[in-house]
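Okay, structure first, notes after.
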Ligand SMILES: Nc1nc2c(ncn2[C@H]2C[C@H](O)[C@@H](COP(=O)(O)OP(=O)(O)OP(=O)(O)O)O2)c(=O)[nH]1
């Protein structure tokens with residue numbers, strides 16, 4: 001019986017990526033007030049990269065402490081555009097405003113994952129993806145949001161790069177899976193190294 005793997009995340013896309021890779025795992029959603037932690041760390045001047053790492057660690061810890069024998073994966077993703085941090089849009093209007101703010105510019109997605117076992121973090125990975133968004137017309141942004149709401153409400157960038165969102169970008173530098181919120185290949189590497197997955 002291989003070691004239990006827990007995904008401490010409510011993210012459907014993260015779960016989908018593990019399922020598609022045939023990883024045996026359970027989901028246990030972390031009870032963390034992300035917005036409060038995010039606001040306080042940003043107020044202290046924390047960088048987007050370190051913010052994502054701190055939140056990923058908090059989520060993996062919160063769940064992992066209750067499952068010390070498991071490998072518990074916590075994740076987080078922060079979008080940074082010219083020093084402004086964006087979160088998942090709550091309304092189509094917020095999605096339109098957010099995409100308008102990113103239009104014609106570059107932004108970074110900072111994706112972090114931390115694995116917790118036996119009461120402590122045993123592995124971590126941070127990945128940055130740089131994305132260059134085309135200059136988009138207001139009418140296209142409006143129709144994009146209308147066509148893709150509410151699916152894009154679960155993305156911190158208000159886009160789904162695996163769907164119509166690919167049209168928004170002229171260039172992407174970085175790992176595709178990290179855009180979707182999970183440094184998948186690096187996590188699989190570690191799970192194989194630990195003998196939790198066979199190859
Ligand atoms: N399907 C899709 N999801 C994306 C894309 N870009 C970002 N995301 C998702 C991945 C994450 O679920 C979400 C980033 O927000 P968080 O890191 O706070 O995760 P979330 O609140 O979804 O779940 P969690 O905090 O782990 O319970 O955005 C994309 O292009 N396509």
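Here are the numbers for this structure:
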item	result
Cβ-Cβ FRET estimate between residue 166 and residue 100, R0 fixed at 22 Å, reported to 0.05	0.75
Packing-based exposure ordering (other Cβ within 10 Å, fewest first) of 76, 173	173, 76
0 to 90° range, to nearest 10: angle between helix 138-148 axis and the chain longest Cα axis	40
Ellipticity estimate at 222 nm from DSSP helix runs (n ≥ 4, -39,500 (n - 2.57)) divided over the chain, nearest 500	-10500 deg cm²/dmol
Which of 139, 100 has the fewest Cβ neighbours within 10 Å, and the rest in rising order	139, 100
Listed peptides 78-88, 4-14 by packing density, highest first (mean Cβ within 10 Å)	4-14, 78-88
At R0 = 22 Å, FRET efficiency that the Cβ-Cβ distance of residue 20 and residue 153 yields, to 0.05	0.50
Ascending count of other beta-carbon atoms within 10 Å, so fewest first, for 93, 61	93, 61
Listed peptides 125-135, 62-72, 181-191 by packing density, highest first (mean Cβ within 10 Å)	181-191, 62-72, 125-135
Quarter of Cα convex hull surface for the range 78-136, i.e. mean projection, nm²	5.2
Share of Cα-Cα pairs in the range 5-194 lying beyond 25 Å, as whole percent	34
DSSP-defined beta bridges in the chain - what % are antiparallel, rounded to 5	80
Length added when fully stretched, residue 44-residue 185, from 0.36 nm per residue minus Cα-Cα	47.5 nm
The chain, relative contact order in percent, only Cα pairs under 8 angstrom and at least six apart counted	22
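Taken together, the values in this text are just the output of simple stated rules run on the coordinates, not laboratory data. On a predicted model such as this, the values are computed, not experimentally measured, just so you know. All Cβ positions, even for glycine, are placed from backbone atoms using ideal geometry, and neighbour counts span all protein chains on display.
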